[in-house]
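Have a look at the structure below, then the notes.
The values are calculated or read from the model by the stated rules, or taken from the named source; none is laboratory data. Just so we're clear, the structure is a prediction, and the values are computed from it rather than from any experiment. Heads up, the Cβs are rebuilt from the backbone with ideal geometry, glycines too, and the neighbour counts pull from every protein chain shown.
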């Protein structure tokens, strides 16, 4: 199997994690680009990356690059994705993959036209624990999924310049942490939710600071989601089924779940994978998708469904980012 050349655009926290994972598993971390060239140079020195581009344009035009991992702020994804796909690059893009459904739909069409793999860097799609749980549900081990309850809250100080509240950087709870909760919900629902209700509270900048969301699909499955960017909540998911419930904590990179039997009350621990290998699972599935031509493991359809939900929510809230086109 070919060892693909990875290039990373952006040098933030996630890019550093990805660099460590690529090196740990002996993958080709070929090049890096960043808006601030000095930061790219420092990143390359830290992670022993051979190539640093003098301008962002070079990462898209370099014929040696097979796949680009985009880790820049949400509102920059769409233009970078378009340039990368037009230049024949496979793409793994940090969540949330775009700002809205219009952008994502356009990029999905472009990727299909160019015969390229486009995927959201959503750890949930790739953790072995979830793959095992989805298979178990498909087999009917737990009975039908009935209702899903999700919480995710971070306490972020009111620094309105940082990305968590900055409207110019597409700040807010929904695109930053809500995408995880909604991805969990979608992955355990048999169909996409078609009924969406919500309440929300803006931050001083107008970004979404808190929200509660209710979802329902045509099969009668329900989900409730509570998000906050200025109050701490557990990253906790409860998937209630006919035969019991599954509880998962720290769910973005979960390695353990507990199933509680509805009749006996007995609890069973389910283990699979390692939190520390979350990004390894992600880029391994990405490489397999590129090399095999089967991108089903990247769950782009689920990413689209989640983006459709988030876009519908923000339209209902009249929450539009500067320069955004719906």
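Summary of computed values
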| quantity | calculated |
| --- | --- |
| Given (1) crowded, with 19+ Cβ neighbours inside 10 Å; (2) in contact with a strand residue (DSSP E or B) (Cβ under 7 Å, 6 or more places away or on another chain); (3) over 19 Å from residue 99 (Cα atoms), index of the condition residue 187 fails | (2) |
| Number of the condition not met by residue 52 [criteria: (1) more than 23 Å from the chain's Cα centre (by Cα); (2) at pLDDT below 95] | (2) |
| Residues satisfying the stated conditions in segment 90-124, i.e. touching a residue at least 40 places away in the same chain (Cβ under 8 Å) and in contact with a strand residue (DSSP E or B) (Cβ under 8 Å, 6 or more places away or on another chain) | 90, 92, 94, 95, 96, 97, 108, 117, 118, 119, 120, 121 |
| Flag if residue 236 is assigned by TED's automatic domain parsing to the domain that holds residue 167, surrounded by fewer than 18 Cβ atoms within 10 Å (Cβ to Cβ) and in contact with a helix residue (DSSP H, G or I) (Cβ under 8 Å, 6 or more places away or on another chain) | yes |
| Matching residues, segment 203-215, being in contact with a strand residue (DSSP E or B) (Cβ under 6 Å, 6 or more places away or on another chain) and either part of a strand (DSSP E or B) or loosely packed, with under 13 Cβ neighbours inside 10 Å (or both) | 208, 209, 210, 211, 212, 213, 214, 215 |
| Candidates 206, 140 - the one that is over 25 Å from residue 94 (Cα atoms) and either modelled with pLDDT of 95 or more or within 21 Å of the chain's Cα centre (by Cα) (or both) | 140 |
| Test result for residue 127, surrounded by 22 or more Cβ atoms within 10 Å (Cβ to Cβ), under 17 Å from residue 310 (Cα atoms) and within 16 Å of the chain's Cα centre (by Cα) | no |
| Residue within segment 308-326 that is within 23 Å of residue 18 (Cβ to Cβ) and either part of a helix (DSSP H, G or I) or in contact with a strand residue (DSSP E or B) (Cβ under 8 Å, 6 or more places away or on another chain) (or both) present | no |
| Qualifying positions in segment 148-171 - over 21 Å from residue 134 (Cα atoms), touching a helix residue (DSSP H, G or I) at 6+ places or on another chain (Cβ under 8 Å) and buried (at least 24 other Cβ atoms within 10 Å of the Cβ) | 152 |
| Lone qualifier among 71, 36 - being in contact with a strand residue (DSSP E or B) (Cβ under 9 Å, 6 or more places away or on another chain) and either more than 18 Å from residue 289 (Cβ to Cβ) or free of Cβ contacts under 8 Å to residues at least 12 places away in the same chain (or both) | 71 |
| Tally of residues being surrounded by 14 or more Cβ atoms within 10 Å (Cβ to Cβ), free of Cβ contacts under 8 Å to residues at least 24 places away in the same chain and either under 20 Å from the mean Cα position of the chain (by Cα) or more than 22 Å from residue 78 (Cβ to Cβ) (or both) across segment 285-326 | 1 |
| Residue count for segment 159-179, restricted to those that are part of a loop (DSSP other than H, G, I, E, B) and touching a residue at least 24 places away in the same chain (Cβ under 8 Å) | 8 |
| The one condition in (1) part of a loop (DSSP other than H, G, I, E, B); (2) buried (at least 18 other Cβ atoms within 10 Å of the Cβ) that residue 182 fails to fulfil | (1) |
| Checking residue 270 against (1) surrounded by fewer than 19 Cβ atoms within 10 Å (Cβ to Cβ); (2) more than 22 Å from residue 297 (Cα to Cα), the condition it does not meet | (2) |
